[in-house]
Each structure stands twice: as structure tokens, then as C-alpha cells.
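These notes are about the structure you will find just below.
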2 protein chains.
Amino acid sequence: MMTSRKTPQASNKSKSTSHRGSLTKFARSLLDEWRKLGLPLSNATIVVAVSGGADSVALLLAINELIRAKKLTLTIVVAHFNHKLRGAAGDADARWVKSLVRQLTYRIAAGSADVKSRARKQKENVEQAARKARYDFLARAARSHKSRAVLTAHTMNDQVETVLLNFMRGAGLDGLTGMDAVRPLTIASETILARPLLCWARRQDTRNYCATKSVEYREDQMNFDEAFSRVRVRNQLVPLMESFNTRLIDNVARSAEILRQDNLALEGAAARLLELSSTPKESRQNSNHLRLDLIKLAPVALRRRALRLWLMRHRGSLTRIDLAHIAAIEKLLVSTKSGRIIELPGGATVIRKGGFLQFCASERGRP
Amino acid sequence: MMTSRKTPQASNKSKSTSHRGSLTKFARSLLDEWRKLGLPLSNATIVVAVSGGADSVALLLAINELIRAKKLTLTIVVAHFNHKLRGAAGDADARWVKSLVRQLTYRIAAGSADVKSRARKQKENVEQAARKARYDFLARAARSHKSRAVLTAHTMNDQVETVLLNFMRGAGLDGLTGMDAVRPLTIASETILARPLLCWARRQDTRNYCATKSVEYREDQMNFDEAFSRVRVRNQLVPLMESFNTRLIDNVARSAEILRQDNLALEGAAARLLELSSTPKESRQNSNHLRLDLIKLAPVALRRRALRLWLMRHRGSLTRIDLAHIAAIEKLLVSTKSGRIIELPGGATVIRKGGFLQFCASERGRP
């Protein structure tokens with residue numbers, strides 16, 4: 001736990017560093033990534049999510065270092081969310097973060113929710129419910145502070161854990177690319193969610209950086225609860241994999257970035273295929289007819305992506321659509337019979353009419 | 001160890017099965033895959049690699065079942081390779097396989113090599129040297145028996161182990177697709193290497209099938225030698241991952257197949273990009289000039305694949321070419337200066353001349 005004696009030291013130290021005009025390596029790396037991600041350098045309010053763990057404390061301290069060194073001119077709002085999963089320990093974390101933020105003279109947005117009862121009500125597991133509650137809170141904080149971006153402190157280690165969890169579930173390319181370094185906070189939101197540590201910082205780097213700033217961070221006791229898959233990945237699976245290859249974290253994180261480029265290329269090609277296959281009579285975006293000739297000849301990977309994209313546009317989401325539905329639609333493509341119908345979960349249908357597929361919304365969804 | 005009493009029973013049992021006209025599930029699955037892979041059903045000689053382990057014994061027994069049931073009309077040559085890594089145990093395996101093959105009345109091609117001293121000479125690890133020696137032997141066996149195909153008994157488990165080993169090394173999409181179910185045995189060889197168990201059989205299925213045929217198989221003691229990465233993946237990593245997801249083997253093997261489609265689509269698109277970017281004056285295949293305009297605008301994933309393919313064609317291989325070389329060539333694309341040179345390992349160079357890249361073979365490579 002951080003003592004109140006130490007925080008002002010950290011803050012002073014940052015100031016003295018800026019006077020010398022030299023940044024720490026950690027802050028320099030953050031600034032490089034900040035520019036690479038196109039995050040605002042001035043005249044903006046940024047929400048920084050801080051749990052009190054080493055990762056988020058390091059992110060906050062490094063932003064503080066960059067602000068004191070006049071590399072950034074931003075209004076910082078620190079958002080702390082208490083999941084109410086750990087009783088007194090969670091409350092102590094909240095107090096600790098508030099004290100740190102006060103000493104750094106930033107604003108704080110604190111929130112809490114009873115995640116356990118939310119999980120029970122929504123029939124979700126506690127991890128999912130905690131994640132949703134946290135992101136809802138961050139979206140509210142961004143709105144009320146008119147923030148252009150919300151920052152989280154996910155590291156390369158978090159990225160590799162995500163990739164591994166997806167890998168074990170049998171994910172496709174999309175899942176193996178892991179988390180995005182930048183994405184809209186929610187669908188169509190103007191606020192972005194950015195993870196400026198994701199592509200370069202290891203968890204150990206954040207601990208070391210906190211140590212150089214003489215700031216102790218909080219140890220989240222949930223990190224030791226092996227009921228959570230992610231904790232077991234972190235504490236058991238990654239160490240075993242590192243015994244095969246000591247550069248595992250770097251290797252897998254780098255692969256994820258390369259696979260991301262592969263996925264982008266495929267998604268781009270599928271979008272072009274879909275555009276070419278949409279009927280020209282109507283506005284292409286809204287056409288519910290799809291020409292079969294091109295899509296039939298396309299490589300499987302593009303055909304399936306184009307079909308998903310087409311369903312996404314007309315159905316609004318891909319919830320409960322799995323490979324079996326896509327495969328059924330693919331069978332329509334080669335079927336010699338017109339008039340065959342594929343029913344999708346929720347009631348919408350896809351029908352083949354001559355050289356076209358037609359999407360029909362469910363009765364419920366119709367006006 | 002199999003007793004001589006048991007083998008004839010197995011053989012007789014296969015015959016009696018065929019008399020009933022009903023195949024075991026394992027043999028039926030093999031036949032389905034056999035057709036899917038386009039393997040010859042008659043009038044051909046096939047080399048089947050048999051170590052004596054459950055996987056290869058199951059493959060041989062299932063082929064035998066299909067032959068007795070007149071589903072296949074093929075000449076079978078069983079190839080057994082003694083790596084001379086385990087002294088008397090290896091020799092006993094060789095005798096055991098010979099006895100099984102004699103009882104099934106097939107031909108045998110037996111070979112051996114001192115893999116350890118080969119590894120020392122070639123400065124390879126023992127796993128690599130063993131693999132090379134084995135495949136050299138299989139290629140010789142295929143040639144001398146005029147065989148159209150060599151079959152190995154790799155299972156879904158082997159596939160997942162391969163994917164995991166590649167994953168930990170930081171492989172790209174290509175590595176994550178694992179082994180091919182069918183490929184040319186060697187580059188440009190007319191003989192194919194096929195793995196007809198790869199996409200559907202779990203290791204346990206092969207053990208169970210051997211048990212139903214009352215044939216005991218050999219336990220390779222090397223499967224317990226944890227000095228081999230693959231053995232540790234099998235005995236430690238896969239079981240740990242299965243504790244996260246019991247369907248791990250199916251999930252990862254299925255992902256590998258989907259990723260294979262993704263990779264095919266990207267490779268196809270990159271080949272088209274390369275074709276469009278090759279200069280029209282000369283024969284496209286041999287042109288050592290590459291137009292920059294199209295390749296510059298292509299998505300990173302396609303650009304890099306097209307550049308690799310271009311180097312592959314002119315340099316003959318991608319040995320010792322890594323991402324750093326490709327990235328250096330990519331920099332040439334956006335460079336404003338003509339005349340900059342990238343040196344490749346082995347002496348070949350890539351130079352930018354106006355709107356083109358030019359490949360120059362090394363002096364040594366020139367006539």
C-alpha cells in the first residue's frame with residue numbers, strides 16, 4: 001500500500017525530471033505510442049481508468065510526467081470503479097486512488113456497482129458482469145466530462161492472456177488479434193477507447209516504473225483468485241509457456257499485430273466483394289439482395305466474411321449467428337433450387353431467388 | 001508389445017468384418033477422409049509410414065480393413081524407419097512391425113540411420129535430424145516402389161501440438177494453420193504426402209481402434225523424454241490447456257482449418273497483386289522488375305506476402321529472410337530517392353529505380 005508520505009515525492013520527482021528536460025524511458029515510450037495512436041496532445045479532456053494496480057498507476061504517473069514536462073497539455077480525469085467484490089479491500093483501493101489523484105491534483109470520477117447481484121440477475125459470470133459494469137461506468141464518465149478518449153492500462157501481458165483465452169476457445173483470426181489499441185468506446189461512439197501500453201509495455205515494466213517513481217501500488221487480491229480463467233492463464237499457463245520460449249510475451253504480442261494486418265486485408269477484400277455483389281438498382285448499402293455469381297467464386301475465407309458482413313448490415317448484429325448458419329447459406333449458393341429458405345436465430349430469413357440471395361427481416365423487426 | 005498370437009486374429013477379424021459388409025466407425029471415417037483428400041482408391045502403390053505406435057498401427061489396420069472390405073484396391077508398402085536413438089528398443093520395434101506386416105501380408109521397406117551422429121555433423125537438434133532422416137527415407141521408399149503417395153498417421157493431437165509449438169515461437173498465419181493434410185512429399189515432387197488422420201482422429205481414437213482390433217501397439221519411450229519440446233507440449237501444456245477447455249483439441253484443430261482458408265485467400269490475393277505488379281515487357285513469371293504503384297497502395301498483409309513471393313521467385317528460397325528485410329524493402333517503396341540498395345543474406349540485392357524495384361542475384365549466383 002502506498003503511504004501518503006510517498007505520493008508527494010513522486011509528484012515532485014516528476015517535476016524535477018521535467019526541469020532536467022529528460023524523460024524516463026517509460027514516459028518516452030508512452031509518448032511515442034501516444035503519437036502513433038493519434039491521441040490528442042493538447043486541448044482535450046482524457047479519462048484515465050485507474051484501479052490502483054501497477055499497470056494503471058504507471059499509466060497515470062507517466063501521463064503526469066508528460067504533463068509536467070509540457071509534452072501533453074490535457075485535462076485529466078481519473079476514473080476509478082469499485083466492483084464491490086472484495087468488501088473492505090475494494091473500499092481501501094478507492095480511498096488510495098483518491099488520495100493519489102488528489103496529490104497529483106487531477107479530477108476524479110469514482111463509481112461503484114454491486115457486480116455480484118448484477119451477474120446473478122443477468123445470468124452472467126462475475127468476470128463478464130464486472131467488465132460490463134466497468135465499461136458502462138467509463139462511458140458515463142466520458143460523457144459527463146465531455147472526454148474525447150478513455151484510456152486503459154492493458155499491457156502486452158494482458159494482450160497475450162486475451163489471445164490465449166481466445167485461442168483455447170477455438171477463435172478465428174479476429175480473436176487471435178486480441179484487443180485493439182484504439183477503438184470506439186461503444187458502437188458508433190465518438191469517444192475512443194485507447195490502450196497506450198498494449199503494444200509495448202510488459203507488466204514488469206509498469207512495476208519497475210512505479211518503483212522508480214517511488215510509488216507503491218495496490219495488489220488486487222482478485223489476481224490470486226484462480227476461479228478466474230484469466231488469473232489461471234496468468235499464473236499457470238503463461239509461466240509454463242515461457243518455459244518453452246522465454247520471449248513468449250513478445251512473440252505472441254507481435255504475432256497478434258501481424259494477424260491484425262491479415263484480418264484487415266481480408267475484411268477489406270470481403271467488403272469490396274460485398275459491394276460488388278450488392279444489386280445496383282437500389283442504394284448499395286441498403287440492398288437486401290445479393291448477387292451470387294461473384295460470391296460463389298470467391299475464396300471461402302472471403303465468401304464467409306462477406307456473408308457475415310451482409311447479415312450484420314441487415315440483421316443489425318451477428319449475435320447467435322455461428323458457422324453452421326453461414327455454412328447453410330453457402331449451401332444455398334450452390335443449390336440448384338430456387339425458393340429454399342434459411343431461418344436465422346430471432347426469426348429473420350435468407351432465401352435464394354434465382355441468381356440472388358434475399359434477406360428478410362423477422363416479422364417482429366418489421367414496422 | 002504385440003504377441004504373435006494376436007496379429008493373425010486382427011487380420012482374421014478384419015476379414016470377418018468385411019464378410020458382414022459393415023465397417024468400423026474408424027475405418028469409415030478414414031474412407032471418408034480418403035475420398036475428401038482425393039487419394040487413389042485403386043491401381044496404385046501407397047507407402048504407409050509405420051513406427052509401431054498406436055497412431056500408425058491404427059492407420060495400417062484401418063487401411064487393411066478397407067482393403068479386406070474391397071473399398072480399396074491398392075498395393076501397400078509399409079515403411080518403417082529405425083532412428084537408432086534407443087538401441088535395443090528401436091530394434092525390437094523394427095522386428096515387431098516386420099512381424100505385423102508379414103501377418104497382414106504386405107510388403108515392407110525398412111530403413112535406419114544413425115540420427116545422433118547426423119545431428120552432430122549437421123549441427124541440428126536431434127528432433128530435426130530425426131525428422132529429416134525419416135522423410136529422406138520415405139522419399140527413397142516412394143521412389144523405389146513407384147508410389148503415388150506416402151501416408152503418415154499424424155492425428156489432430158499432433159496438429160494441435162504443432163500449432164502450439166509454432167504459436168509459442170510467434171508464428172504468423174502460416175504457422176498457425178499447422179500441418180497440411182496433403183502436400184507434395186518434397187518440393188515439386190509428384191508423390192504426395194498425405195495425413196489422412198490429421199483432420200478427424202484424436203490420439204485416443206487410434207488407441208481405441210487398436211484395442212477393438214486386439215492389436216497391442218508399441219509405446220515409444222521417446223514419448224516420455226521431456227528433453228523434446230513436443231513431448232512436453234503433449235504431456236504438460238495440452239493437459240493444462242484442456243483444464244481451461246475440455247474441447248481444446250477440437251477447437252484448435254478446427255481453428256487451424258479456418259485459418260488455412262484465410263491464409264489461402266491472402267496468398268491468392270498476393271499472387272494476383274504480384275502478377276499485376278510484374279512488368280509486362282518481359283514474361284511475367286521471370287521479370288525481375290516490380291511496379292511500385294499498386295504494391296504501395298495494397299494492405300500491409302498483401303504487400304508483404306507479394307514481396308516475399310517475389311523474392312521467393314527470384315532468390316529461389318526465403319531462407320534467412322525475416323521481417324526486417326521485408327520492412328527494409330517496404331521502406332524503399334515510400335523512399336523518394338532512387339538508387340537505394342537493400343542487401344539480402346547470401347548477397348542478392350534489391351534496388352529501387354524510379355517506379356520499380358529490381359532484384360539482382362548475387363555475383364556467386366550469376367553465370
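Listed residues A:261, A:221; which is within 19 Å of the chain's Cα centre (by Cα) and of a type in the set (S, T, N, Q)? Can you show your working first?
Details: A:221 fails: within 19 Å of the chain's Cα centre (by Cα).
It is A:261.
Conditions tested, residue by residue: (1) of a type in the set (Lys, Arg); (2) closer than 24 Å to residue B:194 by Cβ.
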residue: B:97; (1), (2): no, yes
residue: B:106; (1), (2): no, yes
residue: B:110; (1), (2): no, yes
residue: B:126; (1), (2): no, no
residue: B:131; (1), (2): yes, yes
residue: B:134; (1), (2): yes, yes
residue: B:137; (1), (2): no, yes
residue: B:154; (1), (2): no, yes
Return the residues of the range A:314-361 that are assigned to a loop (DSSP other than H, G, I, E, B), in contact with a strand residue (DSSP E or B) (Cβ under 8 Å, 6 or more places away or on another chain) and of a type in the set (Ser, Thr, Tyr); say none if nothing qualifies. A:335, A:338
Please indicate, with yes or no, whether at least one residue in the range B:167-176 is of a type outside the set (A, V, I, L, M, F, W, C), closer than 19 Å to residue B:258 by Cα and more than 14 Å from every other protein chain (Cβ to nearest Cβ). no
Those residues of the range B:198-207 which are crowded, with 23+ Cβ neighbours inside 10 Å and among the hydrophobic types (A, V, I, L, M, F, W, C) amount to B:198, B:201
Go through the range B:233-313 and tell me which helices (runs of 4 or more DSSP H), entirely inside it, have 2 or more residues that are basic (Lys, Arg) and either within 12 Å of chain A (Cβ to nearest Cβ) or surrounded by 14 or more Cβ atoms within 10 Å (Cβ to Cβ) (or both). B:248-277
Here, helices (runs of 4 or more DSSP H) confined to the range B:19-106 with at least 3 residues that are on the phi > 0 side of the Ramachandran plot and among the acidic types (Asp, Glu) are none
Report yes if some residue within the range B:30-53 is crowded, with 21+ Cβ neighbours inside 10 Å, among the polar types (S, T, N, Q) and over 20 Å from the mean Cα position of the chain (by Cα); otherwise report no. no
Kindly list, by first and then second residue, each pair from a residue in the range B:127-153 that is closer than 13 Å to residue B:83 by Cα to a residue that is hydrophobic (A, V, I, L, M, F, W, C) and in a helix (DSSP H, G or I), limited to pairs with Cβ atoms under 7 Å and residues at least 6 apart or on different chains. B:129/B:115; B:129/B:119; B:130/B:115; B:133/B:115
Sole residue being within 17 Å of the chain's Cα centre (by Cα), among the small types (Gly, Ala, Ser) and farther than 17 Å from residue A:39 by Cβ, chosen from A:142, A:149, A:133: A:133
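From the residues in the range B:54-72 that are charged (D, E, K, R) and within 15 Å of residue B:196 (Cβ to Cβ), which one is surrounded by the most Cβ atoms within 10 Å (Cβ to Cβ)? Before the answer, list the steps.
First, pick out the residues of the range B:54-72 that are charged (D, E, K, R): B:55, B:65, B:68, B:70-71.
Okay, now just the ones that are also within 15 Å of residue B:196 (Cβ to Cβ), so B:55, B:65, B:71.
Details: B:55: 24, B:65: 27, B:71: 19.
Here the residue is B:65.
Any chance the range B:216-224 includes a residue that's in contact with a strand residue (DSSP E or B) (Cβ under 6 Å, 6 or more places away or on another chain) and more than 14 Å from chain A (Cβ to nearest Cβ)?
Initial filter on the range B:216-224 (in contact with a strand residue (DSSP E or B) (Cβ under 6 Å, 6 or more places away or on another chain)): none.
Scanning the range B:216-224, I find no residue that is in contact with a strand residue (DSSP E or B) (Cβ under 6 Å, 6 or more places away or on another chain) and more than 14 Å from chain A (Cβ to nearest Cβ), so the answer is no.
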Check whether at least one residue in the range A:177-197 is buried (at least 20 other Cβ atoms within 10 Å of the Cβ), within 14 Å of chain B (Cβ to nearest Cβ) and part of a loop (DSSP other than H, G, I, E, B), and report yes or no. yes
Tell me yes or no: at least one residue of the range A:149-163 is under 22 Å from residue B:178 (Cβ atoms), within 12 Å of chain B (Cβ to nearest Cβ) and outside any helix (DSSP H, G or I). no
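Quick one: which of B:126, B:57, B:50, B:115 is touching a strand residue (DSSP E or B) at 6+ places or on another chain (Cβ under 9 Å) and under 26 Å from residue B:219 (Cβ atoms)? Spell out how you get there, then give the answer.
Numbers: B:126 fails: touching a strand residue (DSSP E or B) at 6+ places or on another chain (Cβ under 9 Å); B:57 fails: touching a strand residue (DSSP E or B) at 6+ places or on another chain (Cβ under 9 Å); B:115 fails: touching a strand residue (DSSP E or B) at 6+ places or on another chain (Cβ under 9 Å).
After applying the criteria, what remains is B:50.
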Going by what's in this entry, would residue B:126 be described as touching a helix residue (DSSP H, G or I) at 6+ places or on another chain (Cβ under 7 Å) and surrounded by fewer than 21 Cβ atoms within 10 Å (Cβ to Cβ)? yes
Do we have residue A:225 as at pLDDT 95 or above and surrounded by fewer than 18 Cβ atoms within 10 Å (Cβ to Cβ) here? no
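The values are calculated or read from the model by the stated rules, or taken from the named source; none is laboratory data. The shown structure was predicted, so the numbers you read here are calculated from the model rather than taken from an experiment. Every residue, glycine among them, receives a Cβ derived from its backbone with ideal geometry; neighbour counts consider all protein chains shown.
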